[in-house]
Structures are given as C-alpha cells and as structure tokens.
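The structure appears below as structure tokens.
The values are calculated or read from the model by the stated rules, or taken from the named source; none is laboratory data. All figures in this text were calculated on a predicted structure; none of them were measured in a lab. When we count neighbours, we look across all protein chains shown, and the Cβ atoms used for this are built from the backbone with ideal geometry, even at glycine.
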C-alpha cells in the first residue's frame, strides 16, 4: 500500500502540532487542506504541493483522499466528521468531539454506519507518565485504588490565540468541554470501570479578563463509579499560574502523586519519604509539547492494517458521555446518572 493520503480541515493552533507529526511519518502524506486562510498562507504553512480548498464539500472530493484530520473550533467537529464519514473517509478528530450530546450520538451513528476507522486526539495517553500510572496499577503497587483525581489548571486568557472563540458558550460550552476533557479522559483511562453518577459545581474568577467567558471557567466534577470508588476532576482555565496537570491516585497499598510514589509493596524504602520516579509528564498546554507523533504513527499503522485505533471514537465516546452528564449536572444542580442520557 502507498502512503496514506491525509487532508486537514482547519489550519489553526491544533494543526500546527499535527503537521510536523504527519511530516515525520513515512506512511502519511498531506495532500489537501480546507481553510479560511488564503491559498498563499495555507501553502506557506503546509507546503507548496498541497491542494488548498475553502469549500469543505469540494475538499472531501479531493482525488485519493483517505483520511480527514479535523482541527477546527469545537462546534464544527460534529458536522464535519459526519460529512467525512458519509464520504467514506477515515477520521482523526481533535477533542472535544462535539458540543452537545445529540451531536455526539449523530457522530457515533454515522461513523458506525460508514464503517470508517477513527482516532480522537486524547494524545496524552501516549506520554510515559500515563504508561507509568497504568503499570503501577497493574503491578499492584497501589493496591485497590479507591480515589482517582486528575485535574487541569491552565489559564486560557487573551494571551492565547484561541481565547477569542474559546470564551463563547456556543464553542467552549464549559470548562470541562473546552479544556479539562484531557484530564477527565485520563481519570477514566486509569480507573477503567463503569461510571454510575456525576455531580458538578462551577464558578468563575473575578479577574477582569475572565469576564469575557460566557460560561463558568472553573468546574469540579465528582464521579461515582459503579463499584463504589470515586473520582474528582477539576478543570480551571481562569487561573494565573504555571500549567499543572495533576494526577493523584490513592489505593489500599499506596499512593501516586504526580511522579511520586509511596507503596507498602516495596521493601527497604523509607515509608516517610516519597519515591520520585523519572518520567515524562504533561507540563505544558502548547500543542508542540504534546505527543502527536506517536498517535499519528499508531493511526497510520492502523489504516494500513485495516484496524481501529486504541483511542477510536467508541473509546472517546465514553469520556464524552461523562462530560455531558457533568454539564447536565451543572445546568440542573443535581447528581446525574449516566443512564439518564439514554
């Protein structure tokens, strides 16, 4: 099989992280882009040999196009993904998948009907820190984990390019949708068990710049799993501090706090001190610091082999169900069972 022919829709911040990852993969070839930018600006960003479209329907007809990489603002993902699936294109979709539950269901049905392959950019699943956490759990060094806490603190203000559209309710929707979905996905990935119910609260900073947000820019989601264990996810995009992606797991035999471990299962260590483990953590919200290359590599291999990604739509759907249950809890001020979403 020749190279996988990739088309990118949206040439903003996310695409600037995807493009180098595609260029570094020998099986990927960017052949077309769809953008509101001028043709000259698009070619300067992607390459002179790339076909440039300003019309999405025409873009989907590009000869030989196999894969559509969706990098547009959040509220555009659903309809673009559905159109691409209907056109028989494999999908790479930036998170969040959709801005409401009805669109999420429509995407699920279209992708299933079309039988196309998919991956969703929860790329942090590829960082070494995530691999470390899963390994510690699998080896029993934490025992039975009963509390999962993963939090996202990243001030997204006027100093960020996406701020202008991110603040709008139609696009950003909630703190959890617009940014904290990464943290929630990590929490659910580590827990690996069914969610029964969620309860969420939200608020907003008094800072003048934060008043541009049309929704509360800090939220806390409490999760009750079906087995009685619990989780907590804070999403805060109105903070003034360095980026923090907090991972804190508490179990019957030990605790993980970031890259620090305490475990009863290790002999000969001082139980009064943390064991620091060298690993690579998420320390920045910059897309160029995120592990797009391994996710692109994984999906290109999947397309060539005709199999789905480890982070396919169905997998990411589970995270988004919890997101929309959390949003429903915020709107109605009560606990929401996942079963209520239907």
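Find all pairs meeting these conditions: Cβ atoms under 7 angstrom apart; at least six residues apart or on different chains; first residue within region 261-273 and in contact (Cβ under 8 Å) with a residue 60 or more places away in the chain; second residue part of a strand (DSSP E or B) and surrounded by 10 or more Cβ atoms within 10 Å (Cβ to Cβ).
Pairs found: 261/254; 261/275; 263/254; 264/254; 265/254.
Being touching a strand residue (DSSP E or B) at 6+ places or on another chain (Cβ under 6 Å), surrounded by fewer than 20 Cβ atoms within 10 Å (Cβ to Cβ), touching a residue at least 60 places away in the same chain (Cβ under 8 Å) and closer than 24 Å to residue 200 by Cβ is the requirement here; does residue 220 meet it? Steps first, answer last, please.
Numbers: touching a strand residue (DSSP E or B) at 6+ places or on another chain (Cβ under 6 Å): yes; surrounded by fewer than 20 Cβ atoms within 10 Å (Cβ to Cβ): yes; touching a residue at least 60 places away in the same chain (Cβ under 8 Å): no; closer than 24 Å to residue 200 by Cβ: yes.
Here the answer is no, as residue 220 does not meet what is asked.
Does region 8-36 hold any residues that are more than 15 Å from residue 303 (Cβ to Cβ) and without any contact (Cβ under 8 Å) to a residue 60 or more places away in the chain, and which are they?
Scanning region 8-36 gives 15, 19, 23, 32, 33, 34, 35, 36.
Check region 234-246 and report whether any residue there is at negative phi, crowded, with 19+ Cβ neighbours inside 10 Å, touching a helix residue (DSSP H, G or I) at 6+ places or on another chain (Cβ under 6 Å) and in a strand (DSSP E or B).
yes
Consider residue 151 carefully, then state whether it is in the same structural domain as residue 60 (by TED's automatic domain parsing) and either closer than 19 Å to residue 331 by Cα or surrounded by fewer than 23 Cβ atoms within 10 Å (Cβ to Cβ) (or both). First the steps, then the outcome.
Working: in the same structural domain as residue 60 (by TED's automatic domain parsing): no; either closer than 19 Å to residue 331 by Cα or surrounded by fewer than 23 Cβ atoms within 10 Å (Cβ to Cβ) (or both): yes.
No: the conditions fail for residue 151.
Check region 207-214 and report whether any residue there is in contact (Cβ under 8 Å) with a residue 24 or more places away in the chain and within 30 Å of residue 262 (Cβ to Cβ).
To start, the set of residues in region 207-214 that are in contact (Cβ under 8 Å) with a residue 24 or more places away in the chain comprises 207, 209-210, 212-214.
From what is left, the residues that are within 30 Å of residue 262 (Cβ to Cβ) are none.
No, there is no match, as no residue in region 207-214 is in contact (Cβ under 8 Å) with a residue 24 or more places away in the chain and within 30 Å of residue 262 (Cβ to Cβ).
I need the strands (runs of 3 or more DSSP E) fully contained in region 31-146, keeping only those with at least 2 residues that are surrounded by fewer than 21 Cβ atoms within 10 Å (Cβ to Cβ) and outside the structural domain of residue 330 (by TED's automatic domain parsing). I'd like the intermediate steps shown before the answer.
On the way: elements: 51-53, 67-70, 90-93, 118-120.
In region 31-146, 51-53 are the strands (runs of 3 or more DSSP E) which contain 2 or more residues that are surrounded by fewer than 21 Cβ atoms within 10 Å (Cβ to Cβ) and outside the structural domain of residue 330 (by TED's automatic domain parsing).
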